[in-house]
């Protein structure tokens, strides 16, 4: 009589393969989520900066924001904070403050803000003196 069935080695190999097929997509999804959160943060940062610039142009109040190691702090009639998501960090050692002057929207400095993304890419925003806008570069 011939016995049919699987040996313990075959069962273990099958379980290891199944676990690999389950774990690898979960790990890839976690990395993808970090990148999506990073790009969402950058998009929100750009929109809020543009909004504060436009508010300064249209009103008699100045708008400013400060970038530190923990968060971006926006000031315009009320304070708001933009916290860095996991994997995004501020890549400059000192805190930077940029002010948009009322009625004109011009910025008061030519500062460069650099963020480090989870993919080890740097995103830089260089603000232009007297114009209020910025140049974005990714390297």
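Points worth noting:
- Residue count for the range 113-136 under the criterion of being over 12 Å from the mean Cα position of the chain (by Cα), more than 18 Å from residue 44 (Cβ to Cβ) and in contact (Cβ under 8 Å) with a residue 12 or more places away in the chain: the result is 6.
- Check on residue 94, under 24 Å from residue 124 (Cβ atoms) and within 17 Å of the chain's Cα centre (by Cα): no
- All told, residue 74 falls short of being under 17 Å from the mean Cα position of the chain (by Cα) and either closer than 23 Å to residue 118 by Cβ or assigned to a helix (DSSP H, G or I) (or both).
- Yes/no for residue 54 being surrounded by 12 or more Cβ atoms within 10 Å (Cβ to Cβ) and either over 17 Å from residue 115 (Cα atoms) or touching a strand residue (DSSP E or B) at 6+ places or on another chain (Cβ under 7 Å) (or both): yes
- Yes/no for residue 101 being out of contact with any strand residue (DSSP E or B) (no Cβ under 6 Å at 6 or more places or on another chain), surrounded by 11 or more Cβ atoms within 10 Å (Cβ to Cβ) and more than 17 Å from residue 124 (Cβ to Cβ): yes
- Residues that are in a loop (DSSP other than H, G, I, E, B) and surrounded by 13 or more Cβ atoms within 10 Å (Cβ to Cβ), drawn from the range 111-128: 111, 117, 118, 128
Yes/no per residue for (1) at pLDDT below 90; (2) outside any helix (DSSP H, G or I); (3) touching a helix residue (DSSP H, G or I) at 6+ places or on another chain (Cβ under 7 Å):
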position: 12; (1), (2), (3): no, no, no
position: 46; (1), (2), (3): no, no, no
position: 49; (1), (2), (3): no, no, no
position: 66; (1), (2), (3): no, yes, no
position: 81; (1), (2), (3): no, yes, no
position: 93; (1), (2), (3): yes, yes, no
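- Among the residues making up the range 103-131, a single one is modelled with pLDDT under 90 and in contact with a helix residue (DSSP H, G or I) (Cβ under 6 Å, 6 or more places away or on another chain): 105.
- All positions within the range 80-98 that are in contact (Cβ under 8 Å) with a residue 40 or more places away in the chain and touching a strand residue (DSSP E or B) at 6+ places or on another chain (Cβ under 8 Å): 82, 84, 88
The values are calculated or read from the model by the stated rules, or taken from the named source; none is laboratory data. Remember, it's a predicted structure, so these values are computed and weren't measured experimentally. Positions of Cβ are backbone-derived with ideal geometry, glycine not excepted, and every protein chain shown enters the neighbour counts.
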